[in-house]
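Working notes, beginning with the structure itself.
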Amino acid sequence: MAKVLEVNKLSISFTQYVQGLNRHDLKVISDLSLDVDEREIVAILGSSGSGKSLLAHSILGILPYNAQVTGELKFQGNVLTQDLKEKLRGKEICLIPQSVNFLDPLMKVSEQAIGECQNDREHDERKVKQREIFDKYGLDESVDDLYPFELSGGMARKVLLSTALMNNPVLLIADEPTPGLDSQSVKETIEDIKNLKDNGQSVLLITHEIDVALKTADRIAIFYSGYVIEINTVENFKNQQNLLHPYTQALIEALPKNGFKFTEGVQPLEVVSGCPYYENCPIRTDKCETSIPELVEHDGIMIRCFSYEEGNDGT
Ligand SMILES: Nc1ncnc2c1ncn2[C@@H]1O[C@H](COP(=O)(O)OP(=O)(O)O)[C@@H](O)[C@H]1O
Ligand SMILES: [Mg+2]
């Protein structure tokens, strides 16, 4: 299947100045590799502050100016340069932002969905399309003239989704589309996102809610302390034995007692050396304290753990 998005060894860090001139590098994302196929939904599951939005913003080319980035991004096989990101942004690649605050508070929501137009004819055409999409998501004409602050939570998420879909993107990046929604709206959001596959579209779903990831995605990338430690199919999550990383296993094991919510443990913000899961790992060895395993393939599953490196059968 054709790859829509490829992320190869992406790292994002910020230089911080502590007490005057002491420079200090804060690495938020380390060595992240991941891909999204055509008609595929890949979820990134990680706790708050783990760098998920930064990943989205790096794909869109809207990272803060002080972010330092290494690694490579490709879209449909082409390297994503800043120029290309700007060309694709809002067209082939669209974002459902994390909050309604991303909308312009002073502009009617329909005009924001229509976007900038060259002339009246284009505006009229896009107005027709905006109405169609709003209609599809249950937003009647009275919503068109509302300003963002006048929207309810459910309406706001429908406006964000409709706005992101105005240009029929090849890849939709949904950054935490469900928190704060009532259970009916969560259900609808999951259905809406899944339906995009029938239309040939792909989705990178960013979430800290494991139930949403399990209900929506085809594959889940587990983010821990800035590292992707495992990428596995949703199918495999039905059987704990098919989950490879001790953190993923612990996560799933803890779900029933946490009411099936993902409550993350303490994750080291900055790992100086060694595996990020070292402190909590039941199968750690001396090597894990000092070096970081690569993300490798094991039976079609991507795993970052020394026990699955070549010559080691993982037991
Ligand atoms: N402009 C910035 N300067 C310095 N650090 C930042 C900046 N933006 C984000 N960060 C750091 O990156 C971390 C990850 O941010 P973010 O991607 O928003 O996390 P998530 O979306 O997973 O909650 C934050 O906790 C913060 O420490
Ligand atoms: Mg975020």
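Computed from the coordinates by the stated procedures, all read-outs in this text should not be read as laboratory data. These numbers come from a predicted model, not from an experiment. For neighbour counting, all protein chains shown are included, and Cβ atoms are generated from backbone atoms with ideal geometry for every residue, glycine included.
Between region 61-93 and region 179-210, the C-alpha centres lie 24 angstrom from each other. Applying 1/(1 + (r/R0)^6) with r as the Cβ-Cβ distance of K108 and K287 and R0 = 41 angstrom yields a FRET efficiency of 0.10.
Within region 123-268, antiparallel bridges make up roughly 55 percent of the DSSP beta bridges whose residues both belong there. Gyration tensor over the Cα atoms of the chain: the corresponding equivalent ellipsoid has semi-axes (square roots of 5 times the eigenvalues, largest first) of 36, 22, 19 Å. Relative to the current alpha-carbon distance between L26 and N167, full extension at 0.36 nm per residue lengthens the span by 47.1 nm.
For the chain, what is the relative contact order in percent, using Cα pairs closer than 8 Å and at least 6 residues apart in sequence?
With pairs under 8 Å counted, the relative contact order is 20 percent.
How much net charge surrounds S11 when only the other residues with a Cβ under 10 Å from the Cβ of S11 are counted, with Lys and Arg +1 and Asp and Glu -1? Every neighbour counted, the sum reads +1. In this label model, Y65 and F149 are separated by 2.9 nm, measuring between points 7 Å along each Cα→Cβ vector. With the convex hull of the Cα atoms taken as the outline of region 166-247, the averaged projected area works out to 6.4 nm². Calculated [222 nm] ellipticity per residue, helices only, for the chain: -8000 deg cm²/dmol; basis is -39500 (n - 2.57) per DSSP H run with n ≥ 4, divided by all residues, nearest 500. How fast does region 1-139 diffuse by Stokes-Einstein, in µm²/s, taking the Kirkwood radius from C-alpha pairs at 10 °C and 1.306 mPa s? The diffusion coefficient I find is 90 µm²/s. Using a cut-off of 16 Å between alpha-carbon atoms, which aspartates and glutamates can reach K136, once sequence neighbours fewer than 8 places away in the same chain are excluded? In chain and number order, the partners are D144, E188, E191, D192, D198.
Run the numbers for E235 and D83: contour at 0.36 nm per residue of separation, minus the present Cα-Cα distance, in nm. Intermediate results must be reported in sequence, preceding the final value.
On the way: separation 152, 0.36 × 152 = 54.72 nm, distance 3.77 nm.
Answer, rounded to one decimal: 50.9 nm.
Legend note: in the chain, cysteines whose Cβ sits 4.7 Å or more from every other cysteine Cβ are C94, C117, C281, C305.
By the beta-carbon count within 10 Å of each Cβ, the least crowded to most crowded order of V79, V100, fewest first, is V79, V100. A DSSP coil position with no more than 15 other Cβ atoms inside 10 Å describes the following chymotrypsin sites (Phe, Trp or Tyr not before Pro) in region 9-85: Y65. Most simply put, the chain has about 65% antiparallel DSSP beta bridges, counting only bridges with both residues inside it.
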